[in-house]
1. FRET efficiency for B:LYS11 and B:THR71, Cβ-Cβ distance as r, R0 = 22 Å, nearest 0.05?
2. List the trypsin sites (Lys or Arg not before Pro) within the stretch B:4-108 that fall in a DSSP loop (any state other than H, G, I, E or B) and whose Cβ has at most 14 other Cβ atoms within 10 Å.
3. Treat every Asp and Glu Cβ in the stretch B:4-111 as -1 and every Lys and Arg Cβ as +1, leave all other atoms uncharged, and give the resulting dipole magnitude about the Cα centre to the nearest 20 debye.
4. State in Å² the accessible area per residue of chain B; use a 1.4 Å probe, count heavy atoms of protein chains only, and round to the nearest integer.
5. Among the aspartates and glutamates, select those whose C-alpha is under 20 Å from the C-alpha of B:LYS57, and discard any that sit fewer than 8 residues away in the same chain.
6. Would you give the gap between the C-alpha center of the stretch B:88-112 and the C-alpha center of the stretch A:1-58, rounded to a whole Å?
7. Just the Cα atoms of the protein assembly as shown: what Rg and Dmax do they give in Å?
8. Between chains A and B, what is the buried accessible area in Å², counting both sides, with a 1.4 Å probe and ligands, DNA and RNA left out, to the nearest 100?
Amino acid sequence: SQQGEEDPQALSIQEGENATMNCSYKTSINNLQWYRQNSGRGLVHLILIRSNEREKHSGRLRVTLDTSKKSSSLLITASRAADTASYFCATAASSGSARQLTFGSGTQLTVLP
Amino acid sequence: DAGITQSPRHKVTETGTPVTLRCHQTENHRYMYWYRQDPGHGLRLIHYSYGVKDTDKGEVSDGYSVSRSKTEDFLLTLESATSSQTSVYFCAISVPGSYEQYFGPGTRLTVT
């Protein structure tokens, strides 16, 4: 069964706009990570947020985590056409190995030039 | 791709045949993983390894076996391929002191 579920499944925006993707999960986590996948390629790690953190920034990326609601959001500011990709959240459970990740089904982001 | 290669990159095989996919890393990291990716399912963990000869099952391990006789190589074997194993297979590693994973380019397997 999947731990993380992204919302929306697909998102289309204009270049320069902000893109927000959400992830919900079911069980207690050690950390939550976001990955990007360009078409036909492997996943690329974007950012990791630990269960005791509420917000984290990396360049144009902002991630929030609400453990009480078991949800996270990924904000990409000032989007570019090159941001077009699928975005996945992945959770590491607090019990068992924190190195085992459970991925959601992803959000397909299209940034129109 | 963090020094991770997968071979073959594409393979078409018939139902009932054995198939072995190879993942090779150049950094000798301890942790390695095999995932499959299917539309609507994201990535699902098949097996993982935390050292030579140390492996364990993931979420969807039925029909798959793995071996790791050297740190740099992690092999995934489908003993008797079925059409439901048509998928894209990704290998990943994680580095010491970090929970981030780094992925290979993937192998597209089609079982006819």
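The values are calculated or read from the model by the stated rules, or taken from the named source; none is laboratory data. From a predicted model like this one, the values you see are computed outputs, not experimental measurements. We place every Cβ from the backbone using ideal geometry, glycine too, and count neighbours over all the protein chains shown. SASA here: full protein model, heavy atoms, side chains in, ligands and nucleic acids out. Shrake-Rupley method; radii C 1.70, N 1.55, O 1.52, S 1.80 Å.
1. Working: r = 25 Å, r/R0 = 1.13.
For R0 = 22 Å, the calculated efficiency reads 0.35.
2. Values: sites: B:ARG9, B:LYS11, B:ARG22, B:ARG30, B:ARG36, B:ARG44, B:LYS53, B:LYS57, B:ARG68, B:LYS70, B:ARG108; in loops: B:ARG9, B:ARG30, B:LYS53.
For trypsin sites (Lys or Arg not before Pro) across the stretch B:4-108 that sit outside H, G, I, E and B with at most 14 neighbouring Cβ atoms in 10 Å, the list reads B:ARG9, B:LYS53.
3. Working: 11 positive and 11 negative charges, 37 e Å.
Approximately 180 debye in magnitude.
4. Working: 5060 Å² over 112 residues.
Value for chain B: 45 Å² per residue.
5. By straight Cα distance, B:LYS57 reaches B:ASP38, B:GLU72, B:ASP73, B:GLU79, B:GLU100.
6. Taking the Cα centre of each part, the stretch B:88-112 and the stretch A:1-58 sit 18 Å apart.
7. Considering the protein assembly as shown through its Cα atoms, Rg and Dmax are 17.4, 51 Å.
8. Details: alone 6100 and 5960 Å², together 10230 Å².
Approximately 1800 Å² gets buried when A meets B.
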